[in-house]
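Asker: So that we are looking at the same thing, I have put the structure below in structure tokens.
The values are calculated or read from the model by the stated rules, or taken from the named source; none is laboratory data. All values derive from a computational prediction rather than experimental measurement. Counting neighbours? That spans all protein chains shown, and the Cβs are built from the backbone with ideal geometry, glycine included. Heavy atoms of the whole protein, side chains included, go into the accessibility calculation; ligands, DNA and RNA do not. Shrake-Rupley method; radii C 1.70, N 1.55, O 1.52, S 1.80 Å.
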Amino acid sequence: MGCETLRTNKLTPYLFLLPGCIILGAFIFYPMLQAIWMSFTDYNMVTDPSFVKLDNYKDLFQDDLFWKTLKNTLIYLIGVVPALVVLPIFLAVLVNQKLKGIGFFRSAYYIPVVTSLVVAGIAWDWVYKENGLLNYVLDLLNIISEPIPWLTQTQTALFAVMLVTVWKGLGYYMIIYLAGLQSIPESLYEAADIDGANWWQKMTRVTIPMLMPFVLIVTIMSSIAAMKVFEEIYIMTGGGPLHSSETLVFYIYTQAFDRLNMGYASAAGVILFLLTLVFSLINLKVMGKDNSE
Amino acid sequence: MKKKLGFLALLLVITMLVVSACGSKDEGKSKDSKNASGDEQIELEFWTMQLQPTFTDYINGIIKDFEGENPNIKIKWLDVPAADLSKKILSAVTTNTAPDVVNLNPTFASQLAELDALVNMDEAVSDEDKALYVKGAWEANNINGTTFAIPWYLSTSVTLNNKAIFEEAGLDPEKPATTYEEAAEYAKIIKEKTGKYGYFPSMDLSLVLQHMVMMGADLTNEDGTKAAFNSPEGLYAFEYFTKLYQDGLIPREALTGDQRSTIDMYQAGQVAFFDGSQFIVQVKENAPDLYANTIPSQAITGKSGKKTMSVQNVVVPKQTKHQEAAVKFALFLTNGKNQLEFSKLTPILPSNVEALADPYFTEAGDDAEPTDLVRIVSASQLDSAELLVPPMKNYDELRQAMYDAISASMLGEMTPQEALDQAEQEWNDILAK
């Protein structure tokens with residue numbers, strides 16, 4: 001059977017696709033379809049699921065906590081994505097210089113990316129403590145008179161966690177931009193030099209337009225990452241105080257694994273999926289248009 | 001086009017082959033082999049909660065003894081980190097691969113029992129065997145009238161006091177706080193004199209509910225259908241913690257941190273006293289100087305005079321194919337001899353009446369260390385200690401509702417009374433489900 005298939009060249013590519021298809025099918029598409037189906041059921045993981053039509057969605061839309069976590073997720077998105085799109089460009093330009101020992105700086109900026117988030121979360125927890133590093137430094141500089149309870153008051157907890165996400169993501173997106181920068185032909189800068197462009201003009205007229213495809217990638221990737229944020233919150237605040245730092249994925253997690261409301265959690269998961277999809281499409285549309293101009 | 005379809009069919013066949021291969025392999029594994037003598041050879045899977053590496057030899061010793069007495073049963077032991085256990089057992093039950101004997105805490109065990117996933121021990125264990133266990137511990141594992149677990153080891157909460165901070169604040173370390181009022185008073189003095197925190201009450205997990213019960217509030221009416229904590233006692237609990245928190249007399253981590261943060265701060269010498277007998281071995285290992293300075297004392301309690309008892313259980317999931325052998329092993333694991341031996345390794349109390357009668361739990365030698373004192377104080381409180389928060393349906397939602405309410409009060413977003421009203425409303429909704 002195998003020999004015959006191999007003889008027909010047209011089928012050969014599919015054979016190469018087969019392992020990928022099986023893995024994707026078994027671990028991505030099958031669970032995804034199952035989650036969609038589960039979102040219409042009442043399922044506690046032990047007894048058999050029972051079909052409840054749209055009840056989970058109805059309950060979800062009436063749950064204040066769901067709206068609150070959705071709002072938190074959007075705040076997260078608005079706060080984190082611009083920082084993660086813009087800041088790494090400057091970092092990348094910085095480490096793209098031909099300096100001695102630049103390799104050291106590149107790795108230094110990249111270290112947060114490879115650091116385990118659990119370790120980083122605990123370390124940042126210490127930084128944010130009332131008698132922690134941040135309050136100590138601010139006190140030293142006479143900026144504050146009373147220590148600020150960064151992670152333990154509702155006003156600051158979410159933002160404190162956002163900073164960790166940005167800190168951790170900078171290096172990763174920097175590498176993407178760095179690859180982009182190195183793909184810009186030197187001749188463009190030479191031409192700009194001949195035209196008498198200064199540093200800023202070269203940045204805005206050459207570097208950034210040439211980086212646009214990379215900006216698009218980074219925007220989509222960082223938005224998806226921001227929508228799915230979980231570990232930082234799980235480790236640093238547990239969603240508290242008073243759900244002020246609870247995001248949608250954390251909400252899904254507690255519903256699914258603490259309360260065993262699998263069907264309900266799946267419904268929230270489907271909403272998250274749709275939101276992510278919409279955001280990615282908007283990104284593609286808007287940024288893609290810019291790009292073609 | 002035809003070729004394409006043919007190819008897709010091929011793909012499907014291959015996928016199915018792969019999948020079915022996985023399935024049949026599993027099936028082969030779960031079948032029991034028969035040994036030469038014709039007796040059925042049984043393998044039991046046994047899960048414990050975070051006992052390795054400290055108790056590896058102890059558990060292996062029990063398994064060896066048991067296998068010696070029951071040559072046709074083999075025990076396969078797996079130790080699971082505490083934080084993963086509930087998720088692991090859940091996925092095992094979902095995929096129909098549940099272990100045969102599992103060590104669980106009552107809260108999670110009751111969640112599984114609610115779903116009818118655990119063997120009813122009232123039926124599986126003879127009255128004679130039942131009588132061997134401390135009554136309160138046996139009854140602690142009851143939901144909807146069925147007993148879903150065999151009690152294993154117990155502890156009652158004991159306060160650990162840092163002698164050095166007491167002395168620094170001019171307080172007598174021989175007179176530690178035993179009531180909530182004293183705790184608040186000491187916290188104030190210690191904060192003023194030393195700048196350190198006196199008291200660190202954790203609000204993690206079921207602790208908010210436990211504090212309320214100790215302060216004299218009833219959580220629900222007798223048949224568990226309505227909230228009963230919107231009372232002067234319940235209000236007292238809310239006001240008590242709100243005041244301590246807003247006056248800065250307890251660390252802000254009391255609200256957001258888990259129990260780990262209590263032991264971190266105590267070990268760092270930043271907290272004078274807290275309820276943490278379960279951490280005594282950790283203090284001994286991590287902070288030997290502080291350990292020498294630690295005085296264990298009777299648990300802090302309120303109007304009810306009750307103290308917290310924690311129970312660790314052994315359950316048998318209904319999915320087991322060898323219920324009889326599994327229950328047999330669970331009883332062996334928790335018998336008097338084995339439990340006594342266990343409590344000599346760490347300050348826990350046996351749930352076995354016979355083992356508990358040993359002088360080891362009543363008499364402190366001249367060279368008694370803090371761990372010995374923890375054990376003796378803990379045993380002396382057994383009469384007044386009980387499982388303060390009984391297993392309840394939709395427990396996690398109830399717990400979260402109360403935690404959210406007291407958080408709102410402590411953070412100043414609501415008055416204690418408003419928060420209590422909100423919690424009552426939510427509890428009534430959840431209890432009516």
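Asker: Quick check on the stretch A:67-75. Is at least one of its residues closer than 23 Å to A:MET162 by Cα, within 14 Å of another protein chain (Cβ to nearest Cβ) and in contact (Cβ under 8 Å) with a residue 24 or more places away in the chain?
Answerer: yes
Asker: I would also like to ask the following. Check B:TYR245 against each of (1) assigned to a helix (DSSP H, G or I); (2) under 30 Å from B:ALA113 (Cβ atoms) and name the one condition it does not meet.
Answerer: Result: B:TYR245 passes all but (2).
Asker: Could you tell me which numbered condition B:ALA217 fails, if it satisfies all but one of (1) more than 14 Å from chain A (Cβ to nearest Cβ); (2) modelled with pLDDT of 90 or more; (3) over 24 Å from B:TRP427 (Cα atoms)?
Answerer: (3)
Asker: Among residues belonging to the stretch B:93-107 that are in contact (Cβ under 8 Å) with a residue 12 or more places away in the chain and in a helix (DSSP H, G or I), point out the one that is surrounded by the fewest Cβ atoms within 10 Å (Cβ to Cβ).
Answerer: B:THR107
Asker: Continuing with this model, one more query. Which condition number does B:GLU167 fail, the rest of (1) within 27 Å of the chain's Cα centre (by Cα); (2) in the same structural domain as B:GLU418 (by TED's automatic domain parsing) being met?
Answerer: (1)
Asker: Kindly indicate whether A:ASN72 is under 29 Å from A:ALA265 (Cα atoms), assigned to a helix (DSSP H, G or I) and either modelled with pLDDT under 90 or polar (S, T, N, Q) (or both).
Answerer: yes
Asker: Hey, another quick one. If I go through the stretch B:306-330 residue by residue, how many of them are open to solvent by less than 60 Å² (accessible area, probe 1.4 Å) and in contact with a helix residue (DSSP H, G or I) (Cβ under 8 Å, 6 or more places away or on another chain)?
Answerer: Of the residues in the stretch B:306-330, 13 are open to solvent by less than 60 Å² (accessible area, probe 1.4 Å) and in contact with a helix residue (DSSP H, G or I) (Cβ under 8 Å, 6 or more places away or on another chain).
Asker: Within the stretch B:292-312, does at least one residue satisfy the condition of being outside the structural domain of B:GLU69 (by TED's automatic domain parsing) and in a helix (DSSP H, G or I)?
Answerer: yes
Asker: Any residue at all in the stretch B:260-274 that's within 14 Å of chain A (Cβ to nearest Cβ), over 22 Å from B:ALA169 (Cα atoms), modelled with pLDDT under 90 and open to solvent by 30 Å² or more (accessible area, probe 1.4 Å)?
Answerer: Checked against the condition, which is being within 14 Å of chain A (Cβ to nearest Cβ), over 22 Å from B:ALA169 (Cα atoms), modelled with pLDDT under 90 and open to solvent by 30 Å² or more (accessible area, probe 1.4 Å), the stretch B:260-274 yields at least one hit.
Asker: Further, regarding this structure: Can you tell me which of A:PRO88, A:PRO82 is in a helix (DSSP H, G or I), more than 27 Å from B:ALA401 (Cβ to Cβ), more than 12 Å from every other protein chain (Cβ to nearest Cβ) and without any contact (Cβ under 8 Å) to a residue 12 or more places away in the chain?
Answerer: A:PRO82
Residues are listed down the side, and each one gets a yes or a no for (1) in a helix (DSSP H, G or I); (2) at pLDDT 90 or above; (3) within 29 Å of B:ASN120 (Cβ to Cβ); (4) open to solvent by less than 40 Å² (accessible area, probe 1.4 Å):
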{"position": "B:PHE332", "(1), (2), (3), (4)": "yes, yes, yes, yes"}
{"position": "B:ASN338", "(1), (2), (3), (4)": "yes, yes, yes, yes"}
{"position": "B:PHE342", "(1), (2), (3), (4)": "yes, yes, yes, yes"}
{"position": "B:THR346", "(1), (2), (3), (4)": "no, no, no, yes"}
{"position": "B:ASP367", "(1), (2), (3), (4)": "no, no, no, no"}
{"position": "B:LEU382", "(1), (2), (3), (4)": "no, no, yes, yes"}
{"position": "B:VAL389", "(1), (2), (3), (4)": "no, no, yes, yes"}
{"position": "B:MET402", "(1), (2), (3), (4)": "yes, yes, no, yes"}
{"position": "B:GLU418", "(1), (2), (3), (4)": "yes, yes, no, no"}
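Asker: What number of residues in the stretch B:66-85 are within 14 Å of another protein chain (Cβ to nearest Cβ) and without any contact (Cβ under 8 Å) to a residue 24 or more places away in the chain?
Answerer: 2
Asker: Quick check on the stretch B:160-175. Is at least one of its residues open to solvent by 10 Å² or more (accessible area, probe 1.4 Å), closer than 26 Å to B:ALA419 by Cα and touching a residue at least 60 places away in the same chain (Cβ under 8 Å)?
Answerer: No, the stretch B:160-175 contains no residue that is open to solvent by 10 Å² or more (accessible area, probe 1.4 Å), closer than 26 Å to B:ALA419 by Cα and touching a residue at least 60 places away in the same chain (Cβ under 8 Å).
Asker: Now for a separate question. Could you check the stretch A:112-131 and list, in sequence order, the residues that are closer than 15 Å to B:SER261 by Cα and either of a type in the set (A, V, I, L, M) or not in a loop (DSSP other than H, G, I, E, B) (or both)?
Answerer: Selection gives A:GLY121, A:ILE122, A:ALA123, A:TRP124, A:ASP125, A:TRP126, A:VAL127, A:TYR128.
Asker: So, one more: Go through the stretch B:119-138 and give me each residue that's open to solvent by less than 10 Å² (accessible area, probe 1.4 Å) and within 13 Å of B:ALA330 (Cβ to Cβ).
Answerer: Result: B:VAL119, B:MET121, B:VAL125.
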